[in-house]
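The values are calculated or read from the model by the stated rules, or taken from the named source; none is laboratory data. These figures come from a predicted structure and were not determined experimentally. So basically every Cβ, Gly included, is an ideal-geometry build from the backbone, and we count neighbours across all protein chains shown.
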């Protein structure tokens, strides 16, 4: 059963793809989506009613800035694709995965520096493009030179890579919230994103990159429609 497989996996993450039918993979994705939704709602209820913490969601402000249609496309397609390329693609070690991950991480970070949405054209686009290409080229020569060491590191410390990626993914969503009180508890608001990151990491390793991406797009679509 998928829930048993999932919880066994998160206790001890390891590399290795699972061969099963496409239909079963899609069915399991929806089951894991339900699990993610239930865990996230339960945690947020506990956070607000028991701990007494709440935070303002800044999504509406971002939507006003971009416009509803552009924001919807960005939230359901563009952002999931970029985040999966940064946080999940490199969970499986290949030189090309590292280079692509570094490329999009550079685009993401430089966009934050210039205070503009990722992949939205502006006067800073050339600077972002040049910086990102240079960092990805540097990463290519680093992994080429230290290829064997990277292979050993991935085999030995994959559990660390898996959870570190999920934690950084969650913390990256802090910019979507603003505390209304008890600011020191703000990181707790993105625990649901951590749940999602773990599930998408599981799907990426077990089924493949595009299954994790599909889950991400589905999750963002439901969140934007419902909330």
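Say whether the condition of being at pLDDT below 95, in contact with a strand residue (DSSP E or B) (Cβ under 6 Å, 6 or more places away or on another chain), farther than 25 Å from residue 211 by Cα and surrounded by 11 or more Cβ atoms within 10 Å (Cβ to Cβ) is met by at least one residue in the stretch 38-52.
No, the stretch 38-52 contains no residue that is at pLDDT below 95, in contact with a strand residue (DSSP E or B) (Cβ under 6 Å, 6 or more places away or on another chain), farther than 25 Å from residue 211 by Cα and surrounded by 11 or more Cβ atoms within 10 Å (Cβ to Cβ).
Considering only the stretch 152-169, how many residues are surrounded by 13 or more Cβ atoms within 10 Å (Cβ to Cβ) and over 30 Å from residue 188 (Cβ atoms)?
2
Would you please name the residue that is surrounded by the fewest Cβ atoms within 10 Å (Cβ to Cβ), looking only at residues in the stretch 186-216 that are free of Cβ contacts under 8 Å to residues at least 40 places away in the same chain and over 10 Å from the mean Cα position of the chain (by Cα)?
Among those residues, the one meeting the criterion is 210.
Given (1) at pLDDT 95 or above; (2) under 23 Å from residue 149 (Cα atoms), identify the lone condition not met by residue 84.
Of everything listed in (1) at pLDDT 95 or above; (2) under 23 Å from residue 149 (Cα atoms), residue 84 misses just condition (2).
Any idea which of 176, 219 is in contact (Cβ under 8 Å) with a residue 24 or more places away in the chain and more than 13 Å from the chain's Cα centre (by Cα)?
176 is the lone residue from the list that is in contact (Cβ under 8 Å) with a residue 24 or more places away in the chain and more than 13 Å from the chain's Cα centre (by Cα).
Mind listing whichever residues of the stretch 1-19 are outside any helix (DSSP H, G or I), over 24 Å from residue 188 (Cα atoms) and either at pLDDT 95 or above or touching a helix residue (DSSP H, G or I) at 6+ places or on another chain (Cβ under 8 Å) (or both)?
If the condition is that a residue be outside any helix (DSSP H, G or I), over 24 Å from residue 188 (Cα atoms) and either at pLDDT 95 or above or touching a helix residue (DSSP H, G or I) at 6+ places or on another chain (Cβ under 8 Å) (or both), then 14, 15, 16, 17, 18 are the ones that fit.
Does at least one position in the stretch 88-96 carry a residue that is surrounded by fewer than 16 Cβ atoms within 10 Å (Cβ to Cβ), in contact (Cβ under 8 Å) with a residue 24 or more places away in the chain and over 17 Å from the mean Cα position of the chain (by Cα)?
Yes, that holds for at least one residue.
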